């Protein structure tokens, strides 16, 4: 069923592109724009290190103390597997590489579970930023205040609950999601000129992106959320941006994030494991 949803999402985006193909004009994207998109890709790839650090804190909370460079390398090498259909192979690959490094299986499995639960909860919290897109009675500033309050409560609950490592992981994941949303916004802003209303709702657009990312995350059959993320974005932002502008941003945004994932993977390959450092 999840694979069918992923295929349906891809077909949905493809149909929208076909419907508005004549309106899409990428000829205006000059060298400066492409340079900005390249920088955004590098920034997104580097931000993945925040997820790796969060995983390292989760392992530490579970009494599995590992070298940070080794954890970063394992996370970076395995993370690219999220593009394999099934959307679980990055977790399986990380587990396998961790065990190969001599780490116990149970903390590895538990850390993956905690990571997914935290990301799902945070994705839902970011969704509060997008409420003004669906319910205009809530002002954007009120949505931001609600998001900040819920985020603070979640962090405080974890911190006072005796799990500081999980609280730290939550904070790092929050930073990653915020950067991811900002990267998408940068793609929107460099590819078209936003009007006044769009400018006021940019935080809502950021929340919409993270919510779309969450939809892709919880769809196991969608590799890296391909199709699902794009379909949700087009639905949530259809009234805020012109369809042609949004389609260009969605397509370029996927290229930027995929390029960033490749950059993170290649960077991880250059790191040495603990065993190699002592060889």
Computed Kirkwood radius, in angstrom, where 1/r is averaged over Cα pairs of region 84-151: 14.5
Highest-first arrangement of 246-255, 92-101, where packing means the average Cβ count within 10 Å: 246-255, 92-101
Neighbour-count ranking [beta-carbon atoms within 10 angstrom, fewest first] of 89, 126: 89, 126
Calculated FRET value between residue 148 and residue 238, using beta carbons and R₀ = 25 Å, to 0.05: 0.40
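Can you give the alpha-carbon Rg of region 69-207 over 2.2 N^0.38 Å, where N counts its residues?
Normalised Rg, Cα atoms only: 1.26.
Each reported figure results from applying straightforward, stated rules to the coordinates on display, with no laboratory input. The structure presented is a predicted model; accordingly, all values stated were derived computationally and were not measured. Glycine gets a Cβ as well: all are built from the backbone with ideal geometry, and neighbour counts include every protein chain shown.
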